[in-house]
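Asker: First the structure, then my questions, so here it is.
The values are calculated or read from the model by the stated rules, or taken from the named source; none is laboratory data. Just so it is clear, the model here is predicted, and its values are computed rather than measured. Neighbour counts run over all protein chains shown; Cβ positions are idealised from the backbone, glycine included. Ligands, DNA and RNA are stripped out before the accessible areas are found, and what is left, the full protein with its side chains, is counted by its heavy atoms. Shrake-Rupley method; radii C 1.70, N 1.55, O 1.52, S 1.80 Å.
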Amino acid sequence: MVRTQAQTGMRRKPVRKPKLVPILLAAAALLAGAIIITAQRPTGSTGSATNDLAYVWGLTASLASQQAGGSDVQMDQRRWIVRYDVEQLDNGQALQVANLLGLQRSRHDGQDAEQAGLAAYDGMMPIEGEGKFAQLGNSVPVTMAVDPDKSRFEGAILVMKPEAGISQERLTAAARRIEQALHETGAAFAYSFRVASSIAANTMPVSGESEMMKPLFDALTAQAGAALVESYADSSGRTISETWRSPHLEASILTKDKKANLQLSRHQNDTANTIDWIVGVPIITGDYAQSE
C-alpha cells in the first residue's frame with residue numbers, strides 16, 4: 001500500500017522514503033518463490049527511467065549471457081518489470097493517461113480490482129505506430145490501478161511487463177511513452193524497476209552455497225562502481241540479497257542516512273536446478289496487484 005504524509009498547505013506531498021530491512025527480507029521471500037510488492041518508492045520525482053534502464057541493460061548483459069538453457073536458447077530471457085508510482089492523480093487525469101496509453105477498464109480481472117476498491121486499467125501499449133496500426137511485437141502490456149477513495153494511495157500505480165526478449169531500444173521507448181503521458185497530466189511520479197532471469201546451477205563453479213554467483217555479482221558491482229550498504233542471507237545460504245550505492249544510477253532510496261539505488265538478489269532453486277537472480281533499481285519491486 002502506498003502511503004503519503006498529510007498535505008501541508010498547497011505543497012505537493014513528498015515521495016515516501018523506504019526502510020531498508022523490510023525490503024531485504026521481502027527480496028529474499030521473492031527469490032524463494034513468493035511475490036513481493038513494496039510500497040516503498042525512490043526519493044525524488046519526475047525523473048526519467050530511461051537512462052537507468054539502459055545502464056542496467058548493459059550491466060546485466062554478462063548475467064544474461066549465461067542464462068539457463070545455454071546455447072540452445074537464442075532469445076534473451078531477461079524479464080523486466082517497470083513501475084511508476086504517480087502522485088495526486090485524480091480520476092479525470094487517470095482516464096486521460098489511460099487514453100493516451102491505449103488502456104481500457106480491465107475486464108478479465110476487474111472483479112478482483114473492484115473487490116479491492118481499485119479502478120483497474122490494462123491494455124497493450126503501442127511503442128511504434130499508433131493504435132490499431134501498431135505491428136505485433138511493437139506493443140507491451142501495461143496496467144494501471146487507481147484508488148478512487150484514496151484510502152490506500154493517492155494517485156495511480158502503472159506497471160509495464162514486457163515479454164522476455166524485448167530489446168533495449170523498445171524497453172526505453174516504452175518507458176519514455178509512459179512518462180510522456182504522465183507529463184501531459186502534470187503529475188509527479190517516481191519509478192522503480194527490476195530485471196530477473198536464471199542460470200543453470202551446474203554451470204556455476206561454486207565452493208559452497210553462499211558463494212553461488214558471487215564472482216558474477218562481484219564483477220557487476222565493480223563495473224557499477226558500487227559500495228555495499230546492506231546485505232541479508234537466509235539461514236540456509238540459498239538466498240542472498242544485497243543493497244548497493246552506484247554513482248551511475250539516478251533513482252535512489254534513503255536508509256540510515258545513506259543513499260542506495262541497486263539491489264541484487266540470488267536464490268538457489270533446487271527444484272529447477274537453477275540459480276535465480278534479480279537486479280532492482282533502486283529496490284526490487286513489483287506491481288500493485290499483490291500490494292498490501
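Asker: Among the residues that make up segment 191-202, is at least one of them assigned to a helix (DSSP H, G or I), modelled with pLDDT under 90, surrounded by 14 or more Cβ atoms within 10 Å (Cβ to Cβ) and touching a Ser or Thr at 6+ places or on another chain (Cβ under 7 Å)? Lay out the reasoning, then the answer.
Answerer: Step one: of segment 191-202, the residues assigned to a helix (DSSP H, G or I) are 201-202.
Now restrict to residues that are modelled with pLDDT under 90: 201-202.
Pick out the ones that are also surrounded by 14 or more Cβ atoms within 10 Å (Cβ to Cβ) and you get 201.
The next check asks that each one be touching a Ser or Thr at 6+ places or on another chain (Cβ under 7 Å); those that pass are 201.
Yes, that holds for at least one residue.
Asker: Can we say T239 is under 25 Å from A164 (Cβ atoms) and modelled with pLDDT under 85? Spell out the reasoning first.
Answerer: Details: under 25 Å from A164 (Cβ atoms): yes; modelled with pLDDT under 85: no.
For T239, the condition - under 25 Å from A164 (Cβ atoms) and modelled with pLDDT under 85 - is not met.
Asker: Can you give me the number of residues within segment 159-190 that are assigned to a loop (DSSP other than H, G, I, E, B) and closer than 21 Å to A94 by Cβ? Spell out the reasoning first.
Answerer: Step one: filter segment 159-190 for residues assigned to a loop (DSSP other than H, G, I, E, B), giving 161-167, 186-188.
Then keep just the ones that are closer than 21 Å to A94 by Cβ; that gives 161, 186-188.
Selection size over segment 159-190: 4.
Asker: Applying the selection to segment 240-250, what residues are surrounded by fewer than 23 Cβ atoms within 10 Å (Cβ to Cβ) and farther than 18 Å from D52 by Cα?
Answerer: E242
Asker: For segment 127-146, indicate whether the set of residues that are modelled with pLDDT under 80, within 19 Å of Y84 (Cα to Cα) and open to solvent by 10 Å² or more (accessible area, probe 1.4 Å) is non-empty.
Answerer: no
Asker: Can I ask one more? Go through segment 18-124 and tell me which helices (runs of 4 or more DSSP H), entirely inside it, have 3 or more residues that are closer than 18 Å to A260 by Cβ, modelled with pLDDT of 90 or more and open to solvent by less than 40 Å² (accessible area, probe 1.4 Å). Lay out the reasoning, then the answer.
Answerer: Details: elements: 20-31, 50-59, 61-64, 91-101, 110-115.
Correct list: 50-59.
Asker: Can you list the strands (runs of 3 or more DSSP E) found entirely within segment 221-261 that contain at least 3 residues being more than 15 Å from W277 (Cβ to Cβ)? Talk me through it step by step, then tell me what you get.
Answerer: Numbers: elements: 227-233, 239-245, 253-255, 258-260.
Fully inside segment 221-261 and qualifying: 227-233, 253-255, 258-260.
Asker: Checking the conditions here, which among T221, T274 is more than 22 Å from D85 (Cβ to Cβ), more than 18 Å from the chain's Cα centre (by Cα), at pLDDT 90 or above and among the hydroxyl-bearing types (S, T, Y)?
Answerer: On the way: T274 fails: at pLDDT 90 or above.
The match here is T221.
Asker: How many residues, within segment 145-158, are outside any loop (DSSP other than H, G, I, E, B) and farther than 19 Å from T50 by Cα?
Answerer: Residues of segment 145-158 outside any loop (DSSP other than H, G, I, E, B): 145-146, 155-158.
So of that shortlist, the ones also farther than 19 Å from T50 by Cα come out as 145-146, 155-156.
The total comes to 4.
Asker: Any residue in segment 150-163 that is over 10 Å from D85 (Cα atoms) sitting within a Cβ distance under 7 Å of a residue that is hydrophobic (A, V, I, L, M, F, W, C) and loosely packed, with under 15 Cβ neighbours inside 10 Å? List the pairs, counting only those 6 or more apart or interchain.
Answerer: That search, which allows pairs on different chains as well, returns R152/M1.
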